[in-house]
Each structure stands twice: as structure tokens, then as C-alpha cells.
Amino acid sequence: DILSVMPNAVKNSGFVGPTKLSYSMTGAMTVVGDFVPAGMLFQGYLNFLGYEVYVDANIIPFFAINITAIFDPVDIFGLFTLKSATVPGQGPFLRIDVSLGGGTDSMKAVSSLLS
């Protein structure tokens, strides 16, 4: 059995707790009234090799990439630890916010082409 020889850090990697994952070509309202933005959306916690990271990512192909990631403190081979300078107990913070042009007007154009 491969799980019996797999290190715990690898075996326990994956989604942790409630996770929101969606995809929509143009954005839509769900039956219960929640808005699903255009593109791919992921919000939730991941365990990656023993480190927990909160990820809020929205990727609208050809238009924008918005990713926020907040990590647990990260130990680098026992030599030093990456951690937040301002929030005790929190690790590094990563923010990627790229607009590939077009924005809302381009999304309206894509919406009209797909409808």
C-alpha cells in the first residue's frame, strides 16, 4: 500500500475545511442568490507538504489574475523562518494582482458574444 510508505506531509496535503471552487464563463447568480464571478474562483485553505495556506484566487482568462495567499510561518531547513512582520503567528503574505487589459467592458463584450 503506497499510503503506508508515503511521508505524512505528502499524505496530508490537500484541501482543508470548507472550500469554494467555481467556474463561470461570464459570471452568474446561483439558485440561492450567490454571485459567481467570471472565470475560475478558489477560496479556502490548502495543506501543502505540512504548511497551511489560505488562498483567495480569481482568474479570468485573458483579462485578470488576482491571487491572495497567506501562509503559515515557513521554516527553511531550520536556518530561518519566514513570517509576517506585522501579524504575530502568521507567515508570509503573497498578493498578485494583474490586469491584462480590457476589464469590465471586455467582459461585457465576451458576455454578449457567448449569449
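Computed quantities for the displayed model
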| quantity | calculated |
| --- | --- |
| 0 to 90° range, to nearest 10: angle between helix 103-114 axis and the chain longest Cα axis | 60 |
| Most positive-pole-ward Cα, PRO18, ILE65, SER84, against dipole of the chain from beta carbon charges | ILE65 |
| Length gained when the stretch THR68-THR26 is fully extended (0.36 nm per residue, less Cα-Cα span) | 12.9 nm |
| Area accessible to solvent at LYS20, 1.4 Å probe radius, in Å² | 110 |
| Note, ³J(HN,Hα) from phi for the range 52-69, Karplus 6.51, -1.76, 1.60, rounded to Hz, x at Gly and Pro | 9, 9, 8, 10, 10, 10, 9, 10, 9, x, 6, 10, 7, 9, 10, 9, 10, 9 |
| Residue-span extension gain [LYS11 to ASP56] - 0.36 nm each, minus C-alpha spacing | 13.9 nm |
| Ratio of the Cα radius of gyration of the range 8-91 to 2.2 N^0.38 Å, where N counts its residues | 1.35 |
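The values are calculated or read from the model by the stated rules, or taken from the named source; none is laboratory data. Bear in mind the structure is a predicted one, so any value in this text is a computation, not a measurement. Positions of Cβ are backbone-derived with ideal geometry, glycine not excepted, and every protein chain shown enters the neighbour counts. Accessible surface is based on the protein model in full, side chains and every heavy atom, while ligands, DNA and RNA are left aside. Shrake-Rupley method; radii C 1.70, N 1.55, O 1.52, S 1.80 Å.
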